[in-house]
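Readers should treat all values here as calculations from the given coordinates under stated rules, not as data from a laboratory. Being a predicted model, the structure only gives us computed values, none of them experimental. Positions of Cβ are generated from backbone atoms using ideal geometry, with glycine treated the same way; all protein chains shown enter the neighbour counts.
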Amino acid sequence: MLETIWFAVWGVAWAVYCMLDGFDLGLGTLMPILARNDTERRVIFNAQGPFWDGNEVWLITAGGVTFAAFPKAYAVMFSGLYLPLLLLLFGLILRGVSFEFRNKVDSPAWRAVWDWCMVVGSFLPALLLGVAFANLFRGLPIDGAGLMRGDFFSLLNPYGLLGGVLFVLLFAVHGSLWLAIKADGELQQRAVAAARFVWVPMILAAVAFLIATHFATPLWRNVVGKPYLLALPLLAVGGLVGARVLLARRSWWWAWGASAAGIAGAVLFGVAGMFPNLLLSSLSEEYSVTAFNAASSPLTLKIMLGVVLVFLPPVLAYQTWVYRTFRDKVADRMLASEHSY
């Protein structure tokens, strides 16, 4: 029972991370297209500024849950996927540093360097996350000793790349909707136009991914075996379609919320379809790393569950306060502040 609870916590942490940090990654990826001058680029930076580091707490949470609740999965994952995880880390570091360094020197060339660090540090993690999740769904070549019998390029298979493209497009729409909330004038109009334009290839990629998932993975078989889990793909489809409908009605907050629900539903569908596997072996099912053969001791899981129940409410309360406090648009007075980016 404890193993199942922690598997659910692991999946929810990933879903919340993608739902929240997804708009940051999407905004950074689209910045060269959306922003025409330095002021508009500053609006994009400040639209993310109060939120991005709090959003990344959920990535740390997902990694922490893997390390503490499923140490065997953590060991296999970080040894076999060392290079892609390192690239993901470098991308996130580039993005984080760009916030702090961009305005340290009053030079267009200096700011241009950090602007491109923001773009690369947003696009690369979005792509790698999609590739990683697709390969987790498909299965990795893990042998009986817990060693990966493949390299980085084996992850770049057609299904993995399709997952990467899907995540980039999902986050791009999500980020455009967030900018529609936070910006005014021409920048807002460009954000709305980008959301409408990218939504079409995003839906096509989502449909292609769902079809490919049927043939490349056991996810659909596992979900159909428990009919109540069909609510998750329905949430994903309903959220993504609802985002477009609400976008047409100019209900920016509701459209962003629908997009967030769609992303969360998509991630949870994949995670639920994997259960009980954390790392499915494509060589033999008996080599798979599961929530049951990779879990920490029952005592450890009980103590950690108590810690989560104590500390999760303050974290949620603080993050809710941040989103409420900084819910207004990025105005000129905010850009004039010495605390702005």
Next on the checklist: Based on Cα coordinates alone, diagonalise the gyration tensor for segment 2-336, multiply each eigenvalue by 5, take square roots, and list the semi-axes in whole Å, largest first.
Outcome noted: 33, 21, 20
Checklist entry - Remind me, what semi-axes does segment 54-105 give for its equivalent ellipsoid, largest first in whole Å, using sqrt of 5 times each Cα gyration tensor eigenvalue? => result 27, 14, 5
Checklist entry - Ranked highest first by the average count of other Cβ atoms within 10 Å around their residues, in what order do 11-17, 166-172 fall? => result 166-172, 11-17
Next on the checklist: Among the complete DSSP H segments of the chain, which ones combine at least 24 Å of alpha-carbon extent along their axis with a mean Kyte-Doolittle hydropathy of 0.5 or more?
Outcome noted: 2-34, 52-69, 82-101, 108-138, 158-182, 185-216, 231-248, 252-274, 298-325
Next on the checklist: If packing is taken as the average number of other Cβ atoms within 10 Å across a peptide's residues, how do 212-220, 173-181 rank, most packed first?
Outcome noted: 173-181, 212-220
Checklist outcome for this item: Hull surface over four for the Cα convex hull of segment 198-299, reported in nm², is 8.7 nm²
Checklist entry - So who's got an amide H within less than 5 Å of the one on Ser281, skipping anything under 5 residues away but keeping other chains? H placed 1.01 Å off N, in plane. => result Leu140, Ser288, Val289
Checklist entry - Pick from Leu246, Leu316, Leu147: which is most flexible by mean-square fluctuation in a GNM of the chain where alpha carbon atoms under 10 Å apart are linked? => result Leu316
Checklist entry - Restricting to lysine pairs 8 or more places apart or on different chains, what number in the chain have Cα atoms under 25 Å apart? => result 4
Checklist entry - For segment 244-328, what does the alpha-carbon gyration tensor say about shape, rounded, prolate or oblate, given a ≥ b ≥ c as the root eigenvalues, a/c under 1.5 as rounded, and a/b over b/c as prolate? => result oblate
Item to check | Mean separation of Cα contacts under 8 Å (6+ apart) over length of segment 2-336, as relative contact order % | outcome: 26 percent
Item to check | Two-site label geometry, Ser154 and Ser337: point separation in nm, points 7 Å out along Cα→Cβ | outcome: 5.0 nm
Item to check | chymotrypsin sites (Phe, Trp or Tyr not before Pro) restricted to DSSP loop in segment 259-307 with at most 16 other C-beta within 10 Å | outcome: Phe292
Item to check | segment 86-179: equivalent-ellipsoid semi-axes (sqrt of 5 x gyration tensor eigenvalues, Cα, Å) | outcome: 32, 16, 9
